[in-house]
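K.L.:
Here it is: the structure, laid out below.
The values are calculated or read from the model by the stated rules, or taken from the named source; none is laboratory data. Every value quoted in this text rests on a predicted model; they were computed, and no experiment measured them. Note that we place each Cβ from the backbone using ideal geometry, even for glycine, and neighbour counts take in every protein chain shown. Keep in mind that these areas ignore ligands, DNA and RNA; they rest on the heavy atoms of the full protein, side chains included. Shrake-Rupley method; radii C 1.70, N 1.55, O 1.52, S 1.80 Å.
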Amino acid sequence: FEFFGTMDRIGGLQVDVNEQIQKIIDGDLQALEIWIHLHSEKIVRFAYQYGLPIEFALEVATQTFDEFQEEIGSINDGKQFLPELYKMIIRKVGALQPVSTEQESLFLFEEDAELHKDIGKLEADIRIPLILSKFHDYTLKEIALILNNTEKDISTRIDKARQSLQISHVDKRLELLNKSYNRLPVQFKEERFTETKTVSSIEKKTSKSIRWAVILSALLVSILFLSFFTMNKAE
């Protein structure tokens, strides 16, 4: 079971996701930057689709990637990278106080703005599966893995969300809304994460070098003292 597929595109080039993940595990910072670039806009849009204003969505996404970098060393299976990332953003948006349903003028069509607002009013337990299914194209199996639930329950929640919107041609309307979401301006700076990680890596290496220098110095002093003591005893 290959979670979320194995290929993606960046800058018009096809990227092997599994290869990038393996490089990240091996400590490749450039691969980490590429991986973040592949998923940063999706995470920002998820927070916005959940109901946060776009600036808040950008901030929560930034916090999510900060947490992800702190926890990445504890994720042994690369296939869990993306599920864990979504679990983090879901926890963060769920912990926030309800936000205003007044939306910024980001939509070209009033119908999309109204539907977006109505989705934000849904209960979180049916809103999240709907968003993941209709706007992120994830399968029931993938959503069930993120939400730690069964595929049957996820399917039931999505159907309930669709019915709760109480609009005709709901799937077509959601499809049109998704196109509007994909036109949203998202200016996420993933470079700051690898820069931070680079500085952290340099600090760790420097600290490690200092520790080794202290150990070697102590060892050298011990050898000299032992040699001096041995020479005196021999005399």
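K.L.:
Given the conditions (1) hydrophobic (A, V, I, L, M, F, W, C); (2) in contact (Cβ under 8 Å) with a residue 12 or more places away in the chain; (3) out of contact with any Lys or Arg (no Cβ under 7 Å at 6 or more places or on another chain), report the number of the one that A95 does not fulfil.
P.N.:
Going through (1) hydrophobic (A, V, I, L, M, F, W, C); (2) in contact (Cβ under 8 Å) with a residue 12 or more places away in the chain; (3) out of contact with any Lys or Arg (no Cβ under 7 Å at 6 or more places or on another chain) one by one, A95 breaks only (2).
K.L.:
Here are some conditions: (1) more than 24 Å from E114 (Cα to Cα); (2) surrounded by fewer than 19 Cβ atoms within 10 Å (Cβ to Cβ). I146 meets all but one. Which one does it not meet?
P.N.:
Condition (2) is where I146 drops out.
K.L.:
Another question about this same structure. For residues that are under 21 Å from L177 (Cβ atoms), under 12 Å from the mean Cα position of the chain (by Cα) and aliphatic (A, V, I, L, M), tally how many sit in region 23-57.
P.N.:
Total satisfying the criteria: 3.
K.L.:
State whether the residues of region 118-134 include one that is in contact with a Phe, Trp or Tyr (Cβ under 7 Å, 6 or more places away or on another chain) and not in a helix (DSSP H, G or I).
P.N.:
No: region 118-134 contains no residue that is in contact with a Phe, Trp or Tyr (Cβ under 7 Å, 6 or more places away or on another chain) and not in a helix (DSSP H, G or I).
K.L.:
Do we find that I126 is open to solvent by less than 20 Å² (accessible area, probe 1.4 Å), over 19 Å from the mean Cα position of the chain (by Cα) and touching a residue at least 12 places away in the same chain (Cβ under 8 Å) in this structure?
P.N.:
Working: open to solvent by less than 20 Å² (accessible area, probe 1.4 Å): yes; over 19 Å from the mean Cα position of the chain (by Cα): yes; touching a residue at least 12 places away in the same chain (Cβ under 8 Å): yes.
Considered against the rule, which asks whether it is open to solvent by less than 20 Å² (accessible area, probe 1.4 Å), over 19 Å from the mean Cα position of the chain (by Cα) and touching a residue at least 12 places away in the same chain (Cβ under 8 Å), I126 comes out as yes.
K.L.:
Looking at (1) over 24 Å from the mean Cα position of the chain (by Cα); (2) buried (at least 20 other Cβ atoms within 10 Å of the Cβ), which is the one condition that is false for Y138?
P.N.:
Checking Y138 against (1) over 24 Å from the mean Cα position of the chain (by Cα); (2) buried (at least 20 other Cβ atoms within 10 Å of the Cβ), the one that fails is (1).
K.L.:
Among the residues of region 22-32, write down those that are open to solvent by 60 Å² or more (accessible area, probe 1.4 Å) and either closer than 16 Å to T62 by Cβ or touching a residue at least 12 places away in the same chain (Cβ under 8 Å) (or both).
P.N.:
Hits for region 22-32 are Q22, I25, Q30.
K.L.:
Do we have K172 as touching a helix residue (DSSP H, G or I) at 6+ places or on another chain (Cβ under 8 Å), open to solvent by 60 Å² or more (accessible area, probe 1.4 Å), assigned to a helix (DSSP H, G or I) and modelled with pLDDT of 95 or more here? Working first, answer last.
P.N.:
Details: touching a helix residue (DSSP H, G or I) at 6+ places or on another chain (Cβ under 8 Å): no; open to solvent by 60 Å² or more (accessible area, probe 1.4 Å): yes; assigned to a helix (DSSP H, G or I): yes; modelled with pLDDT of 95 or more: yes.
Here the answer is no, as K172 does not meet what is asked.
K.L.:
Tell me, which residue of region 149-161 that is of a type outside the set (D, E, K, R) and open to solvent by 60 Å² or more (accessible area, probe 1.4 Å) is farthest from the chain's Cα centre (by Cα)?
P.N.:
So the first thing to find is which residues in region 149-161 are of a type outside the set (D, E, K, R), and the list is 149-150, 154-156, 158, 161.
Checking which are open to solvent by 60 Å² or more (accessible area, probe 1.4 Å) leaves us with 150, 156.
Details: T150: 23, T156: 26 Å.
Out of the qualifying residues, it is T156.
K.L.:
Please tell me if F107 is under 22 Å from A161 (Cβ atoms) and surrounded by fewer than 20 Cβ atoms within 10 Å (Cβ to Cβ). Working first, answer last.
P.N.:
On the way: under 22 Å from A161 (Cβ atoms): yes; surrounded by fewer than 20 Cβ atoms within 10 Å (Cβ to Cβ): yes.
Yes.
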